[in-house]
């Protein structure tokens with residue numbers, strides 16, 4: 001199975017920060033990585049698809065990138081509404097696997 | 001407007017069965033792979049099952065293979081998850097999702113609690 005190792009598991013942030021979350025894939029998954037945002041009691045919301053594509057309606061301060069087997073979600077100039085949990089997903093192979101999640105908390 | 005509405009959750013004893021449903025609307029259901037994803041309390045997301053457009057192909061992780069069965073009724077635009085031999089570790093919120101690789105639409109989730 002492909003492991004998606006997500007880091008950090010939690011992060012204390014301030015408004016206006018630039019935040020980067022990373023998932024490292026245990027084997028090649030190409031571009032087939034999505035990023036989801038999830039707020040308490042809510043369903044996941046797709047933020048980035050195919051590693052680098054911004055989903056509809058997602059603010060441009062969000063971006064996705066890839067460097068080898070490392071996939072990153074970056075939030076520039078963090079706003080209060082961005083404080084949430086974030087999850088990566090690889091869908092190159094079955095079983096589909098998610099990263100362990102990253103919880104953003106305000107300092 | 002795309003909508004996915006799960007139902008069928010609840011409290012069930014270990015070893016018993018439960019069937020979840022997901023009613024889809026606002027899109028041509030038969031054109032999309034569908035999936036179930038779960039989230040244990042205060043834990044991350046876990047993929048549970050995927051089914052092809054016709055239902056002829058299904059996929060599961062080892063954690064549920066042989067116990068869970070995903071199915072669909074394209075005429076009713078409905079997705080199902082039959083869960084047998086339930087264990088305490090199956091306690092989670094279960095989400096249906098349209099084409100997980102796209103991940104663009106998810107239901108609101110339904111809670112399943114496995115406890116005696």
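None of the figures in this text is laboratory data; all of them are computed from the coordinates on show. Predicted model, so just to flag it, every value in this text is computed and none were measured. Cβ coordinates were reconstructed from backbone atoms using ideal geometry, including for glycine residues, and neighbour counts include every protein chain displayed.
Does at least one position in the stretch B:57-65 carry a residue that is under 21 Å from residue A:38 (Cβ atoms) and either touching a strand residue (DSSP E or B) at 6+ places or on another chain (Cβ under 7 Å) or assigned to a helix (DSSP H, G or I) (or both)? Checked the stretch B:57-65: at least one residue is under 21 Å from residue A:38 (Cβ atoms) and either touching a strand residue (DSSP E or B) at 6+ places or on another chain (Cβ under 7 Å) or assigned to a helix (DSSP H, G or I) (or both).
For the stretch B:52-82, the set of residues classified as surrounded by 16 or more Cβ atoms within 10 Å (Cβ to Cβ) and within 12 Å of another protein chain (Cβ to nearest Cβ) consists of B:59, B:60, B:61, B:64, listed by residue number.
Where strands (runs of 3 or more DSSP E) fall entirely within the stretch A:1-104, those with at least 3 residues that are within 11 Å of another protein chain (Cβ to nearest Cβ) are at A:33-38, A:45-49, A:85-90.
Residue under question is residue A:10, and the condition is that it be in contact with a strand residue (DSSP E or B) (Cβ under 6 Å, 6 or more places away or on another chain), closer than 25 Å to residue B:99 by Cβ and surrounded by fewer than 16 Cβ atoms within 10 Å (Cβ to Cβ); does it hold? No, not satisfied. Being buried (at least 17 other Cβ atoms within 10 Å of the Cβ) and farther than 13 Å from residue B:97 by Cβ is a property that holds for residue B:12. Of everything listed in (1) in a loop (DSSP other than H, G, I, E, B); (2) touching a helix residue (DSSP H, G or I) at 6+ places or on another chain (Cβ under 8 Å); (3) in contact (Cβ under 8 Å) with a residue 60 or more places away in the chain, the single unmet condition for residue B:108 is (2).
Quick one: in the stretch B:29-51, of everything that is part of a loop (DSSP other than H, G, I, E, B) and more than 22 Å from residue B:113 (Cβ to Cβ), which residue is farthest from the other protein chains (Cβ to nearest Cβ)? Applying the filter and picking the extreme gives B:32.
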